[in-house]
Amino acid sequence: PLVLSDRINAMQESQTIAMAKKARELAAQGVDVISLSFGEPDFQTPQYIKDAAKKALDEGFTFYTPVPGYPDLRQAICDKFKRDNQLDYKPENIVVSTGAKQALANAVLSLVNPGDEVIVFSPYWVSYEEMVRLADGTTVQLVGSLENDFKVTAAELEAAITPRTKLIMYSSPCNPTGAVFSRQELSAIAEVVARNPQVYVLADEIYEYINFVGEHVSIAQFAAIKDRVITVNGFSKGYAMTGWRVGYLAASKEIACACEKMQSQITSGTCAMTQRAALAALQGGRSSADEMVEAYRRRRDLVLELVKEIPGFRTPTPSGAFYIFPDVTGYFGKTTPTGEVIKSAMDLSLFMLHDAHVAAVDGSAFGAPNCIRFSTAAADEKLREAFIRLKNSLAKLK
Ligand code: PLP
């Protein structure tokens, strides 16, 4: 019989992908499912970026690429860091990868030893915990309070750090909560990190451009810890390029070299045509992202209005990204028309799928088992229809 590795047996299937699969199965049976489970922009990649990819193919960009990315793309990423984040990097500090996901995995696998503790600000993005597990590290979930929009404070971080802490990981704007750390909050966190020289920071800024409050702060801006910060970003969200698979990180030269080495043995340099498209994306600035952000803001406001009609959802106002993340404990203990008791957000999300035909992801995958994540990256009419259905279905719970 086939014996799979302990490593793969210990790995969880991605809950977001599992829920999307369930929704697709129902849809295949002819059910009109509205899927709000996936974290994917519903916009097409801007035309100028597609054109650059077509041109690259015609120009013969079909060969292996340098492992850390084309030099001109790495330079353009440095220019972006300077323009948007007031950060000085050289191309040697940049590693381009197959999505921000690979950049995160490169960093975790390059830094974490067996038994090292990785403090993950919770709720967190699904893959962080599995990446830490792959590196044989120990995840320490540090849960931010609902009252503080789920944001972990510097004091909470300080109390969680031990001599074994190697890394802290968070996203801002946050998937799943939409929370955005302010300059003041990150400054206080940076001070804690500065006092603990064994601690590194993996800052996931993939939603940088999808920000409704204005200022995006990179923790690498705090000079005392810059060399211990790995900043991850990419093109999937801001440029609606999920299927192209390109992201990057910026780090000290030593860490960047380690990530390059990791990548050289696993995937090599990312797709040639994609890298040329990414270069064009950066050269085009961020105006296409700004247009999309207006749509995301409108949808967030629409959904927050619609959610007000649903009793029992406690929903912080997201400052960025494209999700809402209500706490749904108000429904625990209630009974469905067929007599099942709702005991968890998982039970509630399954009820919503089967009764309202709305797919969303329960928060346990994000370290928040009392919450449910709804993506707001869908057309306005779909969002309206989804939340009206939910209101009607949830009213059946007694
Ligand atoms: N980080 C966060 C917080 C995300 O939500 C996602 C995608 O959903 C990623 C990273 C991965 O991005 P990419 O598509 O660039 O691999």
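Rounded to the nearest 10 degrees, the inclination of helix 15-28 to the longest alpha-carbon principal axis of the chain is 50 degrees.
Annotation: amide H-H contacts under 5 Å for Thr139 (H modelled 1.01 Å from N, sequence separation of 5 or more, or interchain): Val118. Each other residue within a Cβ distance under 10 Å of Ala240 adds +1 if Lys or Arg and -1 if Asp or Glu, for a net charge of -1. The angle between the Cα long axis of helix 71-85 and the longest principal axis of the Cα atoms of the chain comes to about 60 degrees, rounded to the nearest 10. Here the relative contact order of the range 49-137, from alpha carbon pairs under 8 Å that lie six or more residues apart, stands at 21 percent.
Could you list Cys78, Cys257 so that the one with the fewest beta carbons within 10 Å of its beta carbon is first and the one with the most is last? Don't skip to the answer; put the middle values down first.
Details: Cys78 19, Cys257 16.
Lowest count first: Cys257, Cys78.
Highest GNM mean-square fluctuation among Ala250, Ala28, Ala224, for the chain modelled with Cα contacts below 10 Å: Ala28. Helix 253-266 and the longest principal axis of the C-alpha atoms of the chain enclose an angle of approximately 70°.
The string of couplings for the range 148-164 from the Karplus curve (6.51, -1.76, 1.60, θ = phi - 60°) is 9, 6, 6, 8, 6, 9, 4, 5, 5, 5, 4, 5, 8, 6, 10, x, 8 Hz, one whole number per residue in order, with x for Gly and Pro.
Each Cα pair under 8 Å and six or more residues apart adds its sequence gap; the mean of these over the residue count of the range 48-285 is a relative contact order of 30 percent. Remark: the chain carries a charge dipole of roughly 280 debye about the Cα centre, counting +1 on each Lys and Arg Cβ and -1 on each Asp and Glu Cβ. Taking a 21 Å limit on the Cα-Cα distance, which of the listed pairs Lys21/Lys396; Lys166/Lys253; Lys343/Lys398; Lys80/Lys237; Lys22/Lys151; Lys90/Lys237 fall beyond it? Over 21 Å Cα-Cα: Lys21/Lys396; Lys22/Lys151; Lys90/Lys237. When the range 48-285 is described by a simple charge dipole with +1 on each Lys and Arg Cβ and -1 on each Asp and Glu Cβ, the residue from Tyr48, Phe63, Phe181 located farthest towards its positive end is Phe63.
The residue among Asn233, Gln198, Phe212 whose Cα reaches farthest toward the positive pole of the charge dipole of the range 194-253, with charges on the beta-carbon of Lys, Arg, Asp and Glu, is Gln198.
Any read-out appearing in this document is the output of simple, stated calculations on the displayed coordinates, not a laboratory observation. Just so we're clear, the structure is a prediction, and the values are computed from it rather than from any experiment. Cβ atoms come from the backbone with ideal geometry, glycine included; neighbour counts cover every protein chain shown.
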